[in-house]
1. Taking Gly185 as meeting all but one of (1) out of contact with any Leu (no Cβ under 8 Å at 6 or more places or on another chain); (2) buried (at least 19 other Cβ atoms within 10 Å of the Cβ); (3) in a helix (DSSP H, G or I), write down the number of the exception.
2. Somewhere in region 168-177, is a residue open to solvent by less than 20 Å² (accessible area, probe 1.4 Å), more than 22 Å from Leu63 (Cβ to Cβ) and assigned to a loop (DSSP other than H, G, I, E, B)?
3. Run Thr61 past the list (1) among the hydroxyl-bearing types (Ser, Thr, Tyr); (2) at pLDDT below 95; (3) surrounded by 14 or more Cβ atoms within 10 Å (Cβ to Cβ) and report the number of the one that doesn't hold.
4. Pick from Gly101, Gly46, Gly92: which is open to solvent by less than 20 Å² (accessible area, probe 1.4 Å) and touching a Leu at 6+ places or on another chain (Cβ under 9 Å)?
5. For residues that are within 16 Å of Gly64 (Cα to Cα) and assigned to a loop (DSSP other than H, G, I, E, B), scanning just region 109-136, find the one that is least open to solvent (accessible area, probe 1.4 Å).
6. Right, Ala156: small (Gly, Ala, Ser), within 19 Å of Gln38 (Cα to Cα), without any contact (Cβ under 8 Å) to a residue 24 or more places away in the chain and surrounded by fewer than 19 Cβ atoms within 10 Å (Cβ to Cβ) or not?
7. Out of Ile23, Ile56, I need the residue that is in a helix (DSSP H, G or I) and open to solvent by 70 Å² or more (accessible area, probe 1.4 Å). Which one?
8. Please find, among Ser130, Ser150, the residue that is among the polar types (S, T, N, Q) and in contact with a Phe, Trp or Tyr (Cβ under 7 Å, 6 or more places away or on another chain).
Amino acid sequence: MINIPEASSTKSTTVSRLSTKSIVLSGMFAAILAAISQISIPMPTGVPITIQVSGIALVGTVLGWRLGLFATLAYILIGAAGVPVFAGFRGGIASLTGLAGGYILAWPIMVIFCGLRFRTESKRLSLLLSILFALLGLIIDEIAGGVQWSLLSGGAMTLQAVFAYSMVAFVPKDVIITILAVIIGRQIRKPLYRSGYLD
């Protein structure tokens, strides 16, 4: 069963305090996304090799789907406003409407899948479900990014060529780092949850 935590309403002061902590935490993880985005290798295709999906998986796993979505949207909006937080220290709307923009625009969907909680009697099953849904989010991201890349390439890259290239340059690496991010993120979340930063 998917467990989506709800904020408690028993004490308004507690809710307010937790909300403030959560917003600060979301901002911190948005900054982490910006830092991770700068680890990239420019490619002649115009779409760099990055580890950004690991950041999305980490944000969703640690913060949950709601705060993860907030942090991811904040990061994207800051970048769209012109702050150079995207790969290669780029920013602006052009980063979203360019060849690699589809990958960025699909991150909110991926972070939701990565942030789903599963209440099961088995920790292994819970971990497996978290990984499977994170990979499902990754698939959606790869498809959305590939489609926009192909459409904007002016015929230089057909959809089949994009996916063939992605299967070599992106997918194997992205699968590995997404799984690692989920495993690491679950461990990071535990002390934050116990400390009251997350609910």
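The values are calculated or read from the model by the stated rules, or taken from the named source; none is laboratory data. These numbers come from a predicted model, not from an experiment. Note that each Cβ is placed from the backbone with ideal geometry, even for glycine, and that neighbours are counted across all protein chains shown. Only protein heavy atoms, including side chains, enter the accessible area calculation; ligands, DNA and RNA are left aside. Shrake-Rupley method; radii C 1.70, N 1.55, O 1.52, S 1.80 Å.
1. Unmet condition: (1).
2. Taking every residue of region 168-177 in turn, at least one turns out to be open to solvent by less than 20 Å² (accessible area, probe 1.4 Å), more than 22 Å from Leu63 (Cβ to Cβ) and assigned to a loop (DSSP other than H, G, I, E, B).
3. In the conditions (1) among the hydroxyl-bearing types (Ser, Thr, Tyr); (2) at pLDDT below 95; (3) surrounded by 14 or more Cβ atoms within 10 Å (Cβ to Cβ), Thr61 misses (2) alone.
4. On the way: Gly46 fails: open to solvent by less than 20 Å² (accessible area, probe 1.4 Å); Gly92 fails: touching a Leu at 6+ places or on another chain (Cβ under 9 Å).
Of Gly101, Gly46, Gly92, the one residue that is open to solvent by less than 20 Å² (accessible area, probe 1.4 Å) and touching a Leu at 6+ places or on another chain (Cβ under 9 Å) is Gly101.
5. Taking the candidates together, the pick is Leu116.
6. On the way: small (Gly, Ala, Ser): yes; within 19 Å of Gln38 (Cα to Cα): no; without any contact (Cβ under 8 Å) to a residue 24 or more places away in the chain: yes; surrounded by fewer than 19 Cβ atoms within 10 Å (Cβ to Cβ): yes.
No.
7. On the way: Ile56 fails: open to solvent by 70 Å² or more (accessible area, probe 1.4 Å).
After applying the criteria, what remains is Ile23.
8. Working: Ser150 fails: in contact with a Phe, Trp or Tyr (Cβ under 7 Å, 6 or more places away or on another chain).
Checking each option against the conditions leaves just Ser130.
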